[in-house]
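The values are calculated or read from the model by the stated rules, or taken from the named source; none is laboratory data. Because the structure is a prediction, the values reported are computed rather than measured. Positions of Cβ are backbone-derived with ideal geometry, glycine not excepted, and every protein chain shown enters the neighbour counts.
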Amino acid sequence: MAGVLEGRIALVTGGGQGLGAALALRLAQEGAHVAVADINEQTARDTAAQIAAETGRRTLPLQVDVAEEAQVSAMIDRVVAEFGRLDVAVSNAAILIAEEITEFPAEKWRAVMNVNLFGYFLVAKHAARVMKAQRSGAIIQINSKSGKKGSFKNSAYAATKFGGIGLTQSIALDLAEYGVRVNAVCPGNLLDSPLWINSLYAQYARKWGISEAEVRQKYIDQVPMKRGCTYNDVGNVVVFLASDQASYMTGQAINVTGGQEMR
Ligand SMILES: NC(=O)c1ccc[n+]([C@@H]2O[C@H](COP(=O)([O-])OP(=O)(O)OC[C@H]3O[C@@H](n4cnc5c(N)ncnc54)[C@H](O)[C@@H]3O)[C@@H](O)[C@H]2O)c1
């Protein structure tokens, strides 16, 4: 599908690192010019510079807190001022704070909601105002298999991801008549991502009294296809949903889980 997004204008939130950075690169490799937005200004800048150097596409680093409406609105306006339009908005920024329900500080639970669900609402709202006027566009939420099935001691994250699917379906209805499609992608565990390498392996190893390698194996064993999800697995579906090849698809939440989640 090389060049399937030639000349399109794309935005990725949480694009400074991890899956978001990989998706921003992939969209550029497919021909899009890409705005890389992150709360971390330095990683947004570094990622945008690297993508421009690697692909020759135009990139725009932006600092944004997706939970702040004025900042999200300004981010979208900045993309339009720079590139003249917005074709693809990927709402990828999210945080994960996991606690057992009786020990979950309410403020932390609310913080997860603010970034993952309210942040997606704000990005979709302001991307949609541009796309509705254009009468074209694709909004894509990076969801999770935790948006389809409850997650042990991880209620805030799962609740925000379940909510993201309701939001996706609802705004797909709002925007269908304007030619704007809204879909979600639900990846399985990205076992080589910074989230796992810098934090989850160590946390779970401590909690369960096993080695980090055993934690990794335990998660691989839960997948029928016996491997973790990769950035490219997700990128393939994001590129498809962003492209005209998905022109009859809206309101979907597509699992990319090696068969781990089937609903
Ligand atoms: N890592 C996994 O195993 C996994 C699995 C399924 C789904 N996902 C989803 O993939 C997406 C990316 O996850 P990741 O593992 O790459 O995460 P990550 O923590 O490595 O990256 C998230 C990025 O979002 C940015 N960010 C955080 N809060 C923000 C805010 N308020 N405003 C703007 N940017 C903000 C961070 O600075 C960071 O650059 C998330 O939506 C996550 O839920 C991840």
### Message
Just to check your reading of the model, which residue among Pro224, Pro194 is surrounded by fewer than 16 Cβ atoms within 10 Å (Cβ to Cβ), outside the structural domain of Tyr120 (by TED's automatic domain parsing), within 10 Å of the ligand (Cβ to nearest atom) and in contact (Cβ under 8 Å) with a residue 12 or more places away in the chain?
### Response
Pro194
### Query
Take the residues of segment 77-108 that are in a loop (DSSP other than H, G, I, E, B) and over 30 Å from Gly137 (Cα atoms): which is farthest from the ligand (Cβ to nearest atom)?
Glu100
### Message
If the requirement is being buried (at least 17 other Cβ atoms within 10 Å of the Cβ), of a type in the set (Lys, Arg) and touching a residue at least 12 places away in the same chain (Cβ under 8 Å), which of these qualifies: Lys161, Lys153?
### Response
Lys161
### Task
Taking the residues in segment 4-25 that are under 10 Å from the mean Cα position of the chain (by Cα) and part of a loop (DSSP other than H, G, I, E, B) as candidates, determine which candidate is nearest to the ligand (Cβ to nearest atom).
Gly14
### Query
Looking at segment 26-49, which of the residues that are more than 15 Å from the chain's Cα centre (by Cα), away from the ligand (no atom under 14 Å from the Cβ) and assigned to a helix (DSSP H, G or I) is surrounded by the most Cβ atoms within 10 Å (Cβ to Cβ)?
Ala28
### Query
Can you pull out the residues in segment 111-135 that are away from the ligand (no atom under 13 Å from the Cβ), in a helix (DSSP H, G or I) and surrounded by fewer than 17 Cβ atoms within 10 Å (Cβ to Cβ)?
Lys125, Arg129, Lys132, Ala133, Gln134
### Task
Give the residues of segment 204-219 that are more than 13 Å from the ligand (Cβ to nearest atom), within 16 Å of Asp192 (Cα to Cα) and out of contact with any helix residue (DSSP H, G or I) (no Cβ under 6 Å at 6 or more places or on another chain), sorted by residue number.
Ala213, Glu214, Gln217, Lys218
### Task
Please find, within segment 54-76, the residue that is farthest from the ligand (Cβ to nearest atom) out of those that are among the β-branched types (Val, Ile, Thr) and not in a loop (DSSP other than H, G, I, E, B).
Thr55
